[in-house]
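Peer 1: First, the structure itself, so that you have it in front of you.
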Amino acid sequence: MARGEPVRVAVDDVVQMRRPHPCGGFEWAITRVGSDIGMRCLTCGRRVMLPRARFEKRLKRVVGRPDAAGVDGQQ
């Protein structure tokens, strides 16, 4: 199977995974990007690290990205 381009995610992106966390939450905030992806559950605050391949397999969709204009509170 040919591999495509890696999924583009950045720190502070919110993603939805295919299966829920044991706390019941589906949404996670990205805290680290590299060969491993760091995530924080938005429901309970638990932090986990996943290898990028496993992250891409379990990813359902990118829910939101922070605005480039509103990051520092000014427009």
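Peer 1: Restricting attention to region 1-12, which residues are more than 13 Å from F55 (Cβ to Cβ) and either touching a strand residue (DSSP E or B) at 6+ places or on another chain (Cβ under 8 Å) or modelled with pLDDT of 95 or more (or both)?
Peer 2: First pass over region 1-12, keeping only residues more than 13 Å from F55 (Cβ to Cβ): 1-5, 10-12.
Result: A10, V11, D12.
Peer 1: So which residues in region 1-36 are exposed (fewer than 13 other Cβ atoms within 10 Å of the Cβ) and hydroxyl-bearing (S, T, Y)?
Peer 2: Of everything in region 1-36, just one residue is exposed (fewer than 13 other Cβ atoms within 10 Å of the Cβ) and hydroxyl-bearing (S, T, Y), namely S35.
Peer 1: Pick from G34, G25: which is modelled with pLDDT under 95, touching a Ser or Thr at 6+ places or on another chain (Cβ under 6 Å) and part of a loop (DSSP other than H, G, I, E, B)?
Peer 2: Numbers: G34 fails: touching a Ser or Thr at 6+ places or on another chain (Cβ under 6 Å).
After ruling out the rest, the residue left standing is G25.
Peer 1: V15: part of a strand (DSSP E or B), at pLDDT 95 or above and under 9 Å from the mean Cα position of the chain (by Cα), yes or no?
Peer 2: On the way: part of a strand (DSSP E or B): yes; at pLDDT 95 or above: yes; under 9 Å from the mean Cα position of the chain (by Cα): yes.
So V15 fits the description; yes.
Peer 1: Just one of (1) hydrophobic (A, V, I, L, M, F, W, C); (2) modelled with pLDDT under 95; (3) surrounded by 12 or more Cβ atoms within 10 Å (Cβ to Cβ) trips up A68, so point out which.
Peer 2: All conditions pass for A68, except number (3).
The values are calculated or read from the model by the stated rules, or taken from the named source; none is laboratory data. These numbers were taken from a predicted model, which means no experiment stands behind them. Please note: Cβ atoms are built from the backbone with ideal geometry, for glycine as well, and neighbour counts cover all protein chains shown.
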